[in-house]
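Okay, structure first, notes after.
The values are calculated or read from the model by the stated rules, or taken from the named source; none is laboratory data. Everything numeric in this text was worked out from a predicted model, so none of it was measured. All Cβ positions, even for glycine, are placed from backbone atoms using ideal geometry, and neighbour counts span all protein chains on display.
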Amino acid sequence: MEFEGKIALVTGAAQGIGEAVARALAARGARVAAVDSNAERLGAVIAEMQARGGCASPFHADVTDSEAVDAAVERIERELGPIDFLVNVAGVLRVDPIEALRDEDWERTFAVNARGVFYLCRAVARRMVPRRAGAIVTVGSNAGRTPRMHMSVYAASKAAAAMFTKCMGLELAKHGIRCNVVSPGSTDTPMQRSLWRDESGAQAVIDGAPGAFKVGIPLQRIADPADVAGAVLFLLSDQARHITMHDLCVDGGATLGA
C-alpha cells in the first residue's frame, strides 16, 4: 500500500485514531492535510511527524462549521493539490442514560459525528467528481450496528454517518469514487480511557459486562489505533479498488460479527 505523492485529508488528526491514520499515511509517502479543532495539540503532532520526515501540514478547522470546512478544503487544494483521499475521524462521545441526556448533548454529538462528516464529504466530493477519482473512508463505531447501554446518542450519530457514507458511495460510484466505513470497537485512545474508572479498565472491557448486555472481546485485547489505521489504509488503497459501500468492523469480535 504505497501512497507516494497522494493528498490525504484526515480529520480528528490531533490524537487517537485520527493521529494514527495521519501518521500511517505520511509514513507511506502521502502528503497529509491534518485537520482538527485543537490547534495546539495538532501543531505538536505535525511538528513531530515533520521531524521524522513525514509530509504533513496542520489545518485548524471546526468540522461543525460549514463555512470553515469549505474554506479549509479550498485552502488544502490550493496549497497542497487535489485531494485524493478523505478520512473522517473527528468525533465526540457522550455517555449517559437517556433520561439524563440534555438537548445540547444530542446536538453536539450529531454536529461533530454526523454533520461534520456531511460537510467534509460534500466539500471534497464536489472536487472529486469532476476528476472522476478518489476514495473516502468514514470511521464509525461498532456501536452504530449493535445497541450499547448509555451510548444512545453516540451510537445513533455513528449509525447516521455510516449510512450517509454508504448512500454517498452509491451515488459516487459512477464517478469512480469509492466510499467505505471502518467501525472500530474499543480502542486505546483518550476517548476510550475517559470511560475507565481505574487501571483495570481495559480488562473490564475485554471481560465484558453481562449486566450491560456486553459480551466482551473474544480476541482478548483492546485495539491499538494502528489496528484501525491499517484497515483505513487498506480501504483507501488500490488493493480495495473493487470495494465500496462496505463497513469493515475492527473490534476483535466484540459484536460477534453482527
> Any idea which residue in the range 58-113 is farthest from the chain's Cα centre (by Cα), counting only those that are of a type in the set (Asp, Glu) and part of a loop (DSSP other than H, G, I, E, B)?
Replying inline: Asp96
>> Between Ser57, Ser66, which is surrounded by fewer than 18 Cβ atoms within 10 Å (Cβ to Cβ), modelled with pLDDT of 95 or more and touching a Leu at 6+ places or on another chain (Cβ under 8 Å)?
In response: Ser57
>> I need the full set of residues from the range 20-44 which are surrounded by fewer than 20 Cβ atoms within 10 Å (Cβ to Cβ) and either touching a strand residue (DSSP E or B) at 6+ places or on another chain (Cβ under 9 Å) or of a type in the set (Val, Ile, Thr) (or both), in order please.
In response: Ser37, Asn38, Ala39, Gly43
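For the range 22-37, enumerate the residues that are without any contact (Cβ under 8 Å) to a residue 40 or more places away in the chain and under 17 Å from Val139 (Cβ atoms).
Ala22, Val32, Ala34
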>> Out of the residues in the range 114-156 meeting the condition of being surrounded by fewer than 22 Cβ atoms within 10 Å (Cβ to Cβ) and hydroxyl-bearing (Ser, Thr, Tyr), tell me which one is farthest from Glu171 (Cα to Cα).
In response: Ser152
> Can you name every residue in the range 167-205 that is surrounded by fewer than 18 Cβ atoms within 10 Å (Cβ to Cβ) and at pLDDT 95 or above?
Replying inline: Cys167, Leu170, Glu171, Ala173, Lys174, His175, Gly176
> Which of the residues spanning the range 225-258 are under 30 Å from Ala8 (Cα atoms), out of contact with any strand residue (DSSP E or B) (no Cβ under 7 Å at 6 or more places or on another chain), of a type outside the set (Gly, Ala, Ser) and in a loop (DSSP other than H, G, I, E, B)?
Replying inline: Arg241, His242
> Being over 16 Å from Leu236 (Cα atoms), more than 15 Å from the chain's Cα centre (by Cα), modelled with pLDDT of 95 or more and part of a loop (DSSP other than H, G, I, E, B), is that true of even one residue in the range 15-36?
Replying inline: no
>> Criterion first (surrounded by fewer than 24 Cβ atoms within 10 Å (Cβ to Cβ), touching a strand residue (DSSP E or B) at 6+ places or on another chain (Cβ under 9 Å) and assigned to a helix (DSSP H, G or I)) does Ala47 satisfy it?
In response: yes
> What pairs come up if the first residue lies in the range 129-140 and is on the phi < 0 side of the Ramachandran plot, the second is of a type in the set (S, T, N, Q), and their beta carbons are under 6 Å apart, counting only those six or more places apart or on different chains?
Replying inline: Val137/Asn180; Thr138/Asn88; Thr138/Thr165; Gly140/Ser183
> Out of curiosity, is Val137 within 19 Å of His242 (Cα to Cα) and either touching a Leu at 6+ places or on another chain (Cβ under 6 Å) or in a helix (DSSP H, G or I) (or both)?
Replying inline: yes
